[in-house]
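Enquirer: Handing you a structure now.
The values are calculated or read from the model by the stated rules, or taken from the named source; none is laboratory data. All figures in this text were calculated on a predicted structure; none of them were measured in a lab. Cβ placement follows ideal geometry from the backbone for every residue including glycine, while neighbour counts extend to all protein chains displayed. Heavy atoms of the whole protein, side chains included, go into the accessibility calculation; ligands, DNA and RNA do not. Shrake-Rupley method; radii C 1.70, N 1.55, O 1.52, S 1.80 Å.
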Amino acid sequence: MSEFPPRVGEVRPSQLMHTYGVGAIVDLPKLSVIVTGLEDWPTNPQYVHPITEDRLLMAVRYTLPEVKQLLSPPVVPETGMSPDPFESTSHIGVPVATFPGWMVCPMCRLLADLRSGLFKLKEYPYHPDRTVYRHENCPKGKAPEVFPARFLVTCEKGHLDDFPWIDFCHNGSHCDAPRLRLIEYGASGEARDLEVRCDACGARRRLSEAFGKENREKLPMCRGRRPHLRDYDPDGCDLHMRPIVLGASNTWFSVVYSTVAIPVESGRLAQLVDEQWATLQNVTDPVVLGFMRSSGQLGELSEYSDEQLWEAIVARRQQDAGEIPLPSEQPDLKEPEWQVFTEFKPDLNGEDFCLRPVEPPANYAAWIDLVVLVERLREVRAMVGFTRLDAVGELTDPDLSIQIDPAPISRRPPTWVPASEVRGEGIFIQFNERAILEWLARPAVRARGDAFFEAHKKWRTVRAIEPAEEGFPGMRYVLIHTFAHALLRQLALECGYAAASIRERIYARPEEMAGGPMAGVLLYTSAPDSEGTLGGLVSLGKPETLGRHIGQALEAAHLCASDPLCAEHPPSQEGRTLHAAACHACLFAPETSCERGNKYLDRSTLVRTVEWDDLAFFE
């Protein structure tokens, strides 16, 4: 076996933020693996690079105070040649560990732990996707490939463990030398058709006895295992195990912070310093900068003075030493973005950020004040943790006033977190504040707002989020969020990008909130490629074209294929949902597109529906 761990597959760097990050299980063709903690990740500057975005870094440090920088995932530079699997560079990547640790032989149905030594790893250096475990001494076949046992246990605190096969099968009785088999009694693959049996003592039990609320109480207590960190939670766990199927969509949810990079002069200088830090870290005096300038070594940095460069170098050293003061409160990521979009300054346009204001559509000038074509933008995302069973991604918005406690991504407080940057394009729309206020003053809108507020409190109460009254975004948000979904679905028909590739960023705050009033939306798409996207979305922002699409979006919102049931749906008073007249047939967007998980939607706030005719904003 090689001295390096074998390479077993590939994922895109952007997938490490939302799909296969630390703690996530990756289903490979022959086995399953779990992405391990940050201590195992390579941080060699040859394969990773720092990502500069000061506002996002401060938001991350509010949650993880020890973090000093954002780093890209490890990537080996392309050489244009087929990689040699025996070179050290072929083993540079994201570290993983085999999980679950229990395997099943399809021939003899043996169920055993990898630590038993019954299964052997077979590597294929030139075909890493074929890496597999085999049952060498199977009595019914010649070294058949084994597959992972497809049941695990987890809990709401983010712990994950192998299913307790031995304890479950024997149900409290003792067995000196258990030898288990997983028997199927049908083709459905359901738990009721699966039985775990012990050849040594004859104990047997159906898997269906592990599922359900009542049966969960009969399972052992969670051991607090953290397989991605190779340890157990030092604080233990007071919850019962909860069985879950391998590959279930609720096994892992990332907690990611994101921001649109705003070009400020200091930010551009800091980014250039980071790019050339390998050279600049050796600068000990401003005099050295003068020599580098005269010899032409500064490149793009030559447009800055020696004093500015020295201040940036000192700031970078302070950042590395952890001397930058921690933020006293959650940083506001959206207010600076709102100011840049609504107060156009041509001198801010550059390589990664380019705005072009255009006239709003003539037919909608009474409701829309400003349209900005975002021809270039850069979005930076950083992962700070993850959860299991319940997604809390949309709950990280500071406006919601929710304190979340994600599972850790390292054994010790991390000094860096994985981040990615994507480039793209978008359309920013600012609504008329006076029209918004007049609409909010309507009695029918106020009554609808009260119903949404009661549903909001009930939803938080059911999920034990206290205080239940806080974090309600208001009807201003419901209106703008609903408009964003309606327009997003319409633009996806013509822009050349799927709806799942278009994201929303809602700016909705009343005047009394910090940074208010805000009433606008940014619809954008992005790609990890350094060239960004191809302009298909921003081309639809021209006044005539955008006006046509807004008209078609509003026309489609009048009727839904699920009417009248959809139009009659009120904000739930039982804590199940947080939307009114909205469903998959008319407004719901893919989870990658919506910042609030399809909550706070109501198409009756846009136009008249078969149920409501006094809530419409566009009249």
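Enquirer: I'd like the residue in region 15-32 that is open to solvent by 30 Å² or more (accessible area, probe 1.4 Å) and among the hydroxyl-bearing types (Ser, Thr, Tyr) and, out of all such residues, is modelled with the lowest pLDDT.
Expert: Our first condition is that a residue be open to solvent by 30 Å² or more (accessible area, probe 1.4 Å); within region 15-32, this holds for 15, 18-20, 27-30.
This time we only want the ones that are among the hydroxyl-bearing types (Ser, Thr, Tyr), so: 19-20.
Working: THR19: 86, TYR20: 90.
My answer is THR19.
Enquirer: Pairs, please: C-beta under 8 Å, at least 6 apart or cross-chain, first residue modelled with pLDDT of 85 or more and in region 196-219, second among the small types (Gly, Ala, Ser) and open to solvent by 60 Å² or more (accessible area, probe 1.4 Å)?
Expert: Close Cβ pairs satisfying both conditions: ALA200/ALA177; CYS201/SER173; ALA203/SER173.
Enquirer: Of everything in region 466-497 that's open to solvent by 60 Å² or more (accessible area, probe 1.4 Å), under 22 Å from LYS542 (Cα atoms) and not basic (Lys, Arg), which residue is modelled with the lowest pLDDT?
Expert: Out of the qualifying residues, it is GLY496.
Enquirer: In addition: Just give me the residues in region 517-537 being assigned to a strand (DSSP E or B) and among the small types (Gly, Ala, Ser), in sequence order.
Expert: Within region 517-537, ALA519, GLY520, SER526, ALA527 meet the criteria.
Enquirer: Among what's in region 589-619 and is β-branched (Val, Ile, Thr) and part of a loop (DSSP other than H, G, I, E, B), pick the residue that is surrounded by the fewest Cβ atoms within 10 Å (Cβ to Cβ).
Expert: THR592
Enquirer: Would you call ILE183 more than 28 Å from ARG381 (Cα to Cα), among the aliphatic types (A, V, I, L, M) and more than 27 Å from the chain's Cα centre (by Cα)?
Expert: Against the criterion (more than 28 Å from ARG381 (Cα to Cα), among the aliphatic types (A, V, I, L, M) and more than 27 Å from the chain's Cα centre (by Cα)), ILE183 qualifies.
Enquirer: Got a sec? Which of PRO65, PRO42, PRO50 is farther than 17 Å from PHE99 by Cβ and free of Cβ contacts under 8 Å to residues at least 60 places away in the same chain? Full working, then the answer.
Expert: Values: PRO65 fails: free of Cβ contacts under 8 Å to residues at least 60 places away in the same chain; PRO50 fails: free of Cβ contacts under 8 Å to residues at least 60 places away in the same chain.
None of the other options fit; the residue is PRO42.
Enquirer: Of the residues VAL11, VAL75, only one is touching a strand residue (DSSP E or B) at 6+ places or on another chain (Cβ under 9 Å), farther than 26 Å from ASP113 by Cβ and surrounded by fewer than 19 Cβ atoms within 10 Å (Cβ to Cβ); which? Walk me through it before giving the result.
Expert: On the way: VAL75 fails: touching a strand residue (DSSP E or B) at 6+ places or on another chain (Cβ under 9 Å).
On inspection, the qualifying residue turns out to be VAL11.
Enquirer: Condition test on GLU568, is it farther than 20 Å from LEU487 by Cβ and out of contact with any strand residue (DSSP E or B) (no Cβ under 8 Å at 6 or more places or on another chain)?
Expert: Taking the combined requirement at face value, the residue satisfies it.
Enquirer: For ILE429, are the conditions met, namely being open to solvent by less than 40 Å² (accessible area, probe 1.4 Å), over 21 Å from HIS584 (Cα atoms) and among the β-branched types (Val, Ile, Thr)? Steps first, answer last, please.
Expert: On the way: open to solvent by less than 40 Å² (accessible area, probe 1.4 Å): yes; over 21 Å from HIS584 (Cα atoms): yes; among the β-branched types (Val, Ile, Thr): yes.
So ILE429 fits the description; yes.
Enquirer: Starting from residues that are among the hydrophobic types (A, V, I, L, M, F, W, C), touching a residue at least 60 places away in the same chain (Cβ under 8 Å) and touching a strand residue (DSSP E or B) at 6+ places or on another chain (Cβ under 6 Å), keep the ones in region 335-352 and report whichever is most open to solvent (accessible area, probe 1.4 Å).
Expert: Restricting to residues being among the hydrophobic types (A, V, I, L, M, F, W, C), touching a residue at least 60 places away in the same chain (Cβ under 8 Å) and touching a strand residue (DSSP E or B) at 6+ places or on another chain (Cβ under 6 Å), the top hit is TRP338.
Enquirer: Hey, another quick one. Just one of (1) at pLDDT 80 or above; (2) among the polar types (S, T, N, Q); (3) farther than 30 Å from PHE344 by Cβ trips up GLN308, so point out which.
Expert: (3)
Enquirer: Taking LEU540 as meeting all but one of (1) in contact with a His (Cβ under 8 Å, 6 or more places away or on another chain); (2) outside any helix (DSSP H, G or I); (3) in contact (Cβ under 8 Å) with a residue 24 or more places away in the chain; (4) surrounded by 17 or more Cβ atoms within 10 Å (Cβ to Cβ), write down the number of the exception.
Expert: Answer for LEU540: the failing condition is (2).
Enquirer: With respect to ARG130, determine if the residue is more than 30 Å from GLY385 (Cβ to Cβ), open to solvent by 10 Å² or more (accessible area, probe 1.4 Å), within 38 Å of the chain's Cα centre (by Cα) and not hydroxyl-bearing (Ser, Thr, Tyr).
Expert: Yes.
Enquirer: Being in contact (Cβ under 8 Å) with a residue 40 or more places away in the chain and either in contact with an Asp or Glu (Cβ under 6 Å, 6 or more places away or on another chain) or closer than 23 Å to PRO227 by Cα (or both) is the filter here, so list the residues in region 122-150 that pass it.
Expert: GLU123, PRO128, ASP129, THR131, VAL132, TYR133, VAL146, PHE147, PRO148, ALA149, ARG150
Enquirer: Further question: Test of understanding: among ARG423, ARG446, ARG463, which residue is basic (Lys, Arg), touching a Lys or Arg at 6+ places or on another chain (Cβ under 6 Å), at negative phi and open to solvent by 20 Å² or more (accessible area, probe 1.4 Å)?
Expert: Unique residue meeting the criteria: ARG423.
Enquirer: Which ones in region 293-307 are under 9 Å from LEU272 (Cβ atoms) and hydroxyl-bearing (Ser, Thr, Tyr)?
Expert: The answer is TYR304, and nothing else.
Enquirer: Here's a follow-up. Give region 554-588 a look and list any residue that's under 25 Å from the mean Cα position of the chain (by Cα) and either within 19 Å of GLY449 (Cβ to Cβ) or open to solvent by less than 10 Å² (accessible area, probe 1.4 Å) (or both), or say none.
Expert: GLY575, THR577, LEU578, HIS579, ALA582, LEU587
Enquirer: Pick from ARG548, ARG576: which is outside any helix (DSSP H, G or I), among the basic types (Lys, Arg) and either under 17 Å from LEU493 (Cα atoms) or modelled with pLDDT under 95 (or both)?
Expert: When all the criteria are applied, what remains is ARG576.
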